[in-house]
């Protein structure tokens, strides 16, 4: 068994990054995720593992440092919260275009604009549908516990290197700020098993030049690149979907929720079952690739689905696409940092799905 | 066992650290624990509160609407959380500064004069530990040894010399806690 600690979600991300063999963190502080850079600084990563920790002059500088460092095949990351992630979007699009692995953490707060520092899930569209320009996808992982904040760092790096694609951990202020028991994984040496033929670490006489770029001026070449990217995304959809099902075996009504909303729905499932209402929860752990097939399957079993988010309704669109009109799909959400109680969520299930 | 607790008061009363010690101590006993603070604007100028859940099984929502126990340290928090205690649940409060006392008859209500007791000690910073002692007397869900270990874990090393003082405070809290009704 790994070492047990009581940690904040943000601290767990930082500790996991060190243990996962992260080579460098570039970032700029913003609430509610500043504990990540604070923890890394307190740990003196340069002494512990040699990991570089740099507070950049801005979010834009930080993401471009990630772009540069990732080009050399290093394991690198950045983290921010919603407005900061918006600033990073140009860089993220370039990194996706240049097919570089890296980890981006978004501890989401309420928006739009500067918004609020309270928890929110209103960056779902931005994370899963692009955010920056062009036809690209991020691998998007949605932790629902401090344990997963730690575990998904390792997973995100593994997937990022497997696909040479940026991976994002989409968390929020609730999971970031809460403390839970976490079992830390044993430190791993940086994975050097991956194909390094593409990295730019200085040309040697025995090979051609490697070029890292997202610029393809010829249309035919640009289209070909887009098609290659799509192949990768399809492979992710076939192989990398991860979900957790809670009390789904005999469920008649289903909650679909991720991250902190899923925790609230999990309690609502217990409350409903205490009243004799058979509800279950399907929790996507990957938001891209989205568990379309798994939700479609559940639509053959349950009578209705309530999607619960800390937003005005974003993931619900993907749930509806998956269900494709087979059964009723409704939405319940709070925004701006307001968090629904389990009782409130159950009431919405009764009004919109069971009684509706 | 599943104990859902809200601890609420002013910022600076040690609300968050009291919750942290409970959570650490629960972890020492192999319980599942969660510690969810209010952060941000609510904390600045208003009440500080933290939800602590100790459980034998996996914890679902870290944010709740009703609680088994409310530990209340100011009037605002009492006004807000008295109605949020589950029927049959426990409300523990310090009477210092309280003018509107709890009225419910379907819950167990206890008082701990922690502010007054802390004034008799070397430092009034022991306030939160006196309250915690009162709670642990009423709900001995954690071994005293594990509380000591929890203290060691949650306090930075430079404060470890204060552990005996904190233990004294816990014991005082256990002695002075008293029932308001029942």
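Any read-out appearing in this document is the output of simple, stated calculations on the displayed coordinates, not a laboratory observation. Given the structure is predicted, the values throughout are model-derived calculations rather than measurements. Don't worry about glycine lacking a Cβ; one is built from the backbone with ideal geometry, like all the others, and counts go over all protein chains shown.
Compute the helix-to-body angle for A:59-71: its Cα long axis versus the longest principal axis of chain A, expressed 0 to 90° and rounded to tens. Once rounded, the angle reads 60 degrees.
Using only Cα atoms, what Kirkwood radius does the protein assembly as shown have, in angstroms?
On the way: mean 1/r = 0.0405 Å⁻¹.
For the protein assembly as shown, the Kirkwood estimate is 24.7 Å.
The Cα-based radius of gyration and maximum Cα-Cα distance (Dmax) for the stretch A:296-356 are 11.7, 34 Å. For a test of the definition: using alpha carbon positions, the gyration tensor, and the 1.5 limit on a/c, classify the stretch A:1-137 as rounded, prolate or oblate. Here the stretch A:1-137 falls in the oblate category.
Averaged over B:54-62, how many beta carbons belonging to a partner chain fall within 10 Å of each residue's beta carbon?
Values: counts 0, 0, 0, 0, 3, 6, 13, 17, 13.
Taking all residues of B:54-62 together, the mean is 6.
Inter-chain Cβ neighbour count for A:179-187, averaged per residue, equals 4 (cutoff 10 Å, partner chain atoms only). To the nearest ten degrees, helix A:82-97 and the longest principal axis of the Cα atoms of chain A are 60 degrees apart. Counting only DSSP beta bridges whose two residues both lie in chain B, roughly 55 percent are antiparallel.
With an 8 Å Cα cut-off and a minimum separation of 6 or more residues, compute the relative contact order for the stretch B:84-182 in percent.
Details: 120 pairs, mean separation 33.4, N = 99.
Across the stretch B:84-182, relative contact order equals 34 percent.
Projected label points at residue A:218 and residue A:205, each 7 Å from Cα along the beta carbon direction, are separated by 3.1 nanometres. Structural descriptor for chain A: relative contact order 18 percent, calculated from alpha carbon pairs under 8 angstrom and at least 6 residues apart.
Rounded, prolate or oblate for the stretch A:108-207? Axes are the square roots of the Cα gyration tensor eigenvalues, ordered a ≥ b ≥ c, and the cut-off for rounded is a/c under 1.5.
Working: a/c = 3.06, a/b = 1.47, b/c = 2.08.
Since a/c reaches 1.5 but b/c is at least a/b, the shape of the stretch A:108-207 is classed as oblate.
By counting other Cβ atoms within 10 Å of each Cβ, how are A:253, A:152, B:144, A:288 ranked from fewest to most? Intermediate values should be presented prior to the final figure.
Details: A:253 21, A:152 28, B:144 15, A:288 24.
Starting with the residue having the fewest Cβ neighbours, the order is B:144, A:253, A:288, A:152.
Cβ crowding within 10 Å, taken as a proxy for footprinting-reagent exposure, orders A:22, A:265, A:248, A:102 from fewest neighbours to most as A:248, A:22, A:102, A:265. In chain A, the longest principal axis of the Cα atoms and the axis of helix A:219-239 are about 50 degrees apart. For the segment A:337-346, counting C-beta atoms of other chains within 10 Å of every residue's C-beta and taking the mean gives 3.
The packing ranking, built from the mean of other Cβ atoms within 10 Å per residue, places the peptides A:233-242, A:103-112, B:157-166 in the order A:103-112, A:233-242, B:157-166, highest first.
Packing, as the average of other Cβ atoms within 10 Å across residues, places the peptides A:172-178, B:116-122 in the order A:172-178, B:116-122, highest first. Taking 7 Å along the Cα-to-C-beta vector as the label spot, tell me the residue A:321-residue A:90 distance in nanometres, rounded to one decimal. According to this spin-label approximation, the distance is 2.8 nm. The Cα trace of the stretch A:243-354 gives Rg and Dmax of 12.3, 35 Å, the first to one decimal, the second as a whole number. In terms of its C-alpha gyration tensor, the stretch B:2-179 comes out rounded, because the ratio a/c of the largest to the smallest axis stays below 1.5.
Before rounding to the nearest 500, sum -39500 (n - 2.57) across all DSSP H runs of length at least 4 in the protein assembly as shown and divide by the residue total; then give [θ] at 222 nm in deg cm²/dmol. Spell out each step's value before the answer.
Details: 19 runs with 206 residues, N = 538.
So the helix-based figure for the protein assembly as shown works out to -11500 deg cm²/dmol.
Can you sort A:208, A:3, A:35 so the residue with the fewest Cβ neighbours within 10 Å comes first?
On the way: A:208 7, A:3 11, A:35 23.
Neighbour counts put them in this order, fewest first: A:208, A:3, A:35.
Available extension along the chain between residue B:65 and residue B:116 is 15.3 nm, counting 0.36 nm per residue and deducting the alpha carbon span. Pairs of Cα atoms nearer than 8 Å and 6+ residues apart set the relative contact order; for the stretch B:1-150 it is 25 percent.
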